[in-house]
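Trainee: What follows is a single structure, and I will ask about it in a moment.
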């Protein structure tokens, strides 16, 4: 009986260790999206707090515009005017995919590509919070450049998730402030 309990504990502990990947793996998946310029799966890499905030911000911005008979943000996100009940039912993943597609479309139109990336440092604040410093090499036409960025990851239920990177945060702020401008 003791052997059976020990065996079960060993299997459970080993399967837990296998399921939990390092934060660098999550970041690498995100950086692959930048390099490949294909946003498929981006929402699964983001933390729930960022996703909840995105949902709330865009829903409120759309509602604010609709209160004044303006539907620019709805058309931008959905391609048309939609009902507020449809907005309420729209998941954060839909919004994030729309934003990611806009960011990647802008990068493509400017011929901006991430050509290489390298993790150059890591600051582990605690068991559930880490900051990773990465160098991105980029090209725009025949011009080359590098950028050093810090990515913050949180551990949610044994999985490392990204807090929204600066590009996404900036875009959300622009959407919110633009939606509140009355014409």
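Trainee: Can you give the helix-only mean residue ellipticity at 222 nm for the chain, where every DSSP H stretch with n ≥ 4 adds -39500 (n - 2.57) and the sum goes over all residues, rounded to the nearest 500 deg cm²/dmol?
Mentor: Here the helix-only value at 222 nm equals -17000 deg cm²/dmol.
Trainee: For the pair residue 60 and residue 102, what calculated FRET efficiency results from E = 1/(1 + (r/R0)^6), where r is the Cβ-Cβ distance and R0 = 22 Å, to the nearest 0.05?
Mentor: The pair residue 102/residue 60 has a calculated efficiency of 0.70.
Trainee: For 46, 173, what's the fewest-to-most ordering of other Cβ within 10 Å of each Cβ?
Mentor: By the 10 Å Cβ count, ascending: 173, 46.
Trainee: Kindly state, to the nearest 0.05, the FRET efficiency for residue 40 paired with residue 181, given R0 = 45 Å and r defined as their beta-carbon distance.
Mentor: Rounded to the nearest 0.05, the efficiency is 0.85.
Trainee: Suppose a student asked you for the relative contact order of the range 22-179, using Cα pairs under 8 Å spaced at least 6 residues apart; what percent would you report?
Mentor: Relative contact order here is 27 percent.
Trainee: By how many nm would the segment from residue 174 to residue 140 lengthen if fully extended, with 0.36 nm per residue of separation less the alpha-carbon distance?
Mentor: Between residue 174 and residue 140, full extension yields an extra 9.8 nm.
Trainee: Just report the Cα centroid separation between the range 112-183 and the range 30-59, whole Å.
Mentor: 11 Å
Only the coordinates and a few stated rules stand behind these numbers; no lab work does. Please read these numbers as outputs of a predicted model, since none were measured by experiment. We place every Cβ from the backbone using ideal geometry, glycine too, and count neighbours over all the protein chains shown.
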